[in-house]
Amino acid sequence: MTEISHSKGSRKDCVAALLARHWKSVRAYTSLCAAGAASESRLQTCAAQSFLAEVIHYAHPPVVRPHLLRAVRVAAEAGVDGDDVVLDAALHDAIRSRRSGIQPDRRLAERAFRALPAVTQTLLWHLHVEREDIATVAVLIGLPEVTAAAEAARSRGLLLQRCLEIHAEEAPYPECSRYSRLLLASLNRPVSGDVNTHISRCWHCRTAVQQFDHSDTMLPSLLAQAVLGWGAQDYLRVRWSVRPAPAAAARGRHRPPEAATRGRHRR
Ligand SMILES: [Zn+2]
C-alpha cells in the first residue's frame, strides 16, 4: 500500500487531493529556495507538474512528499540561469558551484532510502523528518495504526540493512566489506586499531560510518540531506518550528538540527 494507491477517486481528484495535503511542506521549502512570491509560485508549479508527470507515466508512482520536495530543488537548478525564477542567493551560489544536490558523503543514504519500499520511505520521512505521529502517518498509507506502528519499528532496520548492502557493493577495497559490521559497531564502542586505521584512510568507509548512524539525533538530518540536498537543515528548522516535539524528544532523545550538526557545513 502506498499513499497514491490508497487514494480514492479519479486520478485528477487524487492528484489534487495529494497536492493539497502536501502543499504546506512544498511552500516551506520553496520559501527557502526562492526570493519573492512569484518565484516561489513558479517553483511550486514546477514541482506539481513533475509530480503529475510521475503519476501519469510511471507504473510505480513516487513517495509523495520526498518527490515534491526534490522536484522543487531540481526546478531551482533548471531555472538558475533563466528569467522566470529569482533564487535565494545561497542556493544560487550552491548551484553555480555544483553543491546544491545530494552531497557525495550522503549518496549512500540517498540510494538506500530510494531502494526501500514506498511504505517504509513514507514512514521514515513523515515520522522522523516531518515529526508527524504514527496515527497521522497510518492514515497516509491506509494501514491500521497498529500495523503502521509495526512497520515503523522495522523501518530503521531496513534502512540500515540497505546501507550496509550498498556499502559492500560499492567497496573500493576488499577489506571495506569485511569491516562493514565493525564500522557499524564503531558508533557505540571502541574498535580495533586496524579498523580505525582503515577508517582514517578510506573515504568510502569513513563516510559510511556517518551514514550508518540512525539514532534519533542524526536520522532526521541524514534523511533530509539524502532527499533534499541543499537547505536540508533549514527545512528541518522551519518544519519543526510548527511541529511539537514527539514523545521521544520530550524524553531528551532528540536534539534540534542546529545542535545535531554543530561544527558541520551548512547543507
Ligand atoms: Zn573502506
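Throughout, read-outs are computed from the coordinates displayed, never taken from laboratory work. Since this is a predicted model, take the numbers as computed values, not measurements. Neighbour counts run over all protein chains shown; Cβ positions are idealised from the backbone, glycine included.
List of remarks:
- Relative contact order of the chain: 22 percent, from C-alpha pairs under 8 Å at least 6 residues apart in sequence.
- In this simple spin-label model, placing a label point 7 Å from the Cα along the Cα-to-Cβ direction at both VAL242 and VAL86 gives a separation of 2.4 nm.
- Net lengthening on full extension, ASN196/ALA168 (0.36 nm per residue, minus Cα-Cα): 8.3 nm
- Any cysteine of the chain lacking a neighbouring Cys Cβ under 4.7 Å - listed by number: CYS14, CYS33, CYS46, CYS163, CYS176
- Under-5 Å amide H pairs with ALA34, H placed in peptide plane, nonlocal only: ASP88
- Each principal axis of the Cα cloud of the stretch 23-96 was evaluated for its coordinate range; sorted largest first, these ranges are 37, 23, 19 Å.
- Coarse-grained scattering of the chain at q = 0.14, 0.17 Å⁻¹, given as base-10 log I(q)/I(0) from a Debye sum over alpha-carbon atoms: -1.04, -1.42
- The helix-based estimate of mean residue ellipticity at 222 nm for the chain, built from -39,500 (n - 2.57) per DSSP H run of four or more residues and divided by its residue count, is -19500 deg cm²/dmol to the nearest 500.
- q = 0.17, 0.25, 0.26 Å⁻¹, the stretch 70-146: log10 I(q)/I(0) [Debye, one scatterer per Cα]: -0.82, -1.07, -1.11
- Using a simple spin-label model with pseudo-atoms 7 Å out from Cα toward Cβ, TYR58 and THR45 lie 2.4 nm apart.
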